[in-house]
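Working notes, beginning with the structure itself.
The values are calculated or read from the model by the stated rules, or taken from the named source; none is laboratory data. Owing to the predicted nature of the structure, the values given are computational and were not obtained by experimental measurement. Here the Cβ is made from the backbone with ideal geometry for all residues, glycine too, and neighbour counts use every protein chain on show. These area figures cover heavy atoms from the full protein model, side chains too; ligands, DNA and RNA do not enter into them. Shrake-Rupley method; radii C 1.70, N 1.55, O 1.52, S 1.80 Å.
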Amino acid sequence: MTADETWKFSQCFGDKGDIENITEADIISTVEFDHSGDFLATGDKGGRVVLFERNQSKKKQSCEYKFFTEFQSHDAEFDYLKSLEIEEKINKIKWLKSSNNALYLLSTNDKTIKLWKINERQIKLVSENNLNGLNSLPSNHNLTLKSLKLPQLQIHDKLISAQPKKIYSNAHAYHINSISINSDQETYLSSDDLRINLWNLGIADQSFNIVDIKPTNMEELTEVITSSEFHPNHCNIFMYSSSKGTIKLADMRLNSLCDQHAKIYEEYLDPSSHNFFTEITSSISDVKFSNDGRFIVSRDYMTIKIWDLAMENKPIKTINVHEHLRERLCDTYENDAIFDKFEVQFSGDNKSIMTGSYNNNFMIYPNAINEEDDDEENDGDNDQEEIILQADKSAFKSKKSGGHNPMRRRMMSGSGGSSHNSHSSNGSNSNDFDEIDFKKSILHLSWHPKENSVAIAATNNLYIFSTL
């Protein structure tokens, strides 16, 4: 991604009413492009999955999608054994690579994962023939070969159907936070707070437990699993992040139960700088491999960290995202904002990174991975550009007026004091804390695998931004 490319608002789906009038069930809880970028899926708190299709009729140099289909993936259930309500909210959607015209995806709520097949079927009806009544019969009942009308099937309508091909249930005692499909397209993993299970896509009633961090005595519990993902190229390697701020890389060839990690990525924190909030803010909310599998990006409440797979002791770059909130963590704790789980995404070319913030802002860090700067002596001394965009009604106005200029600024990477630290992610000073709307948080986003187009979930709306 080149620095001179301009990000522009492209589209918005959903009800554009006030945030106070939003139905809880309509709030988008996950968003995901497929491997081709031709389809886009969203899941919401009402258990629905909505699919969008690339609008091919539009000119090539534009990013525009149209509604494809919608189906109810999960319904609310009640666990009578534990007296627990299982909500229908879709936590994650992952696409499978398709070998035919049908689309396949996995969707999960807190307890149950489903494999869906979505395909377009043509409904054919028998067209006019000799048995359609007396009017269709030849006059004088003079039946000849020419007057004989053989029944023919004609396309009457197209129907898009979604069928659950497999339902993988009863394997998680705690809430599922991640699913990740293996590069072999045969297996996938699902993780909850304490365990990671390995599934075969073709077998719904059996899974293998590959990580179990549950202590014998639950009072000794010190950390939980927050996110997990398979390596994009090596089918035996996966990673998982924890609430302690560590990322563990595991190899399934070493043992059937991968409790002994192969590598652990952890940055040393000076104990003297610890405070009441350190444990909460250092918890990793999302972790992703780059598409080439060489780098890892992790997101905690305050920062983004980029890790080289070959270097475990410290990240190659740290980007301060919420530095302007550091003095006001007490307030974010009181309004529960400090527990928000922001996602992070790599661009298709593995160079740029995107994440969300408050006030419906999301940030793109172009060329965050610059391989010439990976040397230790250069680390932390390079300026990082930050592009701030806003996924709200202001995007429509700027599109109409023809001038949507995203806010750009240089910022120092690394954890040292920097000029951007006193600024919030909407460009205002930290004194304007009261102007931050914590209800308008951008938690879920997805980057198109082949171009600079992104999908942003802003409460109940889906926004598309692009450089095309």
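The table below gives the values:
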| item | result |
| --- | --- |
| By average C-beta atoms within 10 angstrom, highest first, the peptides 75-86, 170-181 | 170-181, 75-86 |
| Fraction of accessible area attributable to carbon and sulfur, region 272-367 (%, probe 1.4 Å) | 46 percent |
| Rounded percent of accessible protein surface that carbon and sulfur make up, region 25-75, 1.4 Å probe | 44 percent |
| For peptides 267-275, 386-394, sequence by mean Cβ density within 10 Å, most packed first | 386-394, 267-275 |
| Within straight-line cross-link reach of Lys97, aspartates and glutamates at Cα separation under 18 Å, skipping those fewer than 8 residues along the same chain | Glu32, Asp34, Asp38, Glu53, Glu120, Asp184, Glu186, Glu229, Asp292 |
| Per residue, in Å², the accessible surface of region 217-331 once ligands and nucleic acids are set aside, probe 1.4 Å | 45 Å² |
| Backbone HN-Hα couplings from phi across region 218-235 [Karplus 6.51/-1.76/1.60, Hz, Gly and Pro as x] | 5, 6, 8, 5, 10, 8, 10, 7, 10, 6, 8, 7, 6, 5, x, 10, 9, 6 |
| Area accessible to solvent at Leu153, 1.4 Å probe radius, in Å² | 120 Å² |
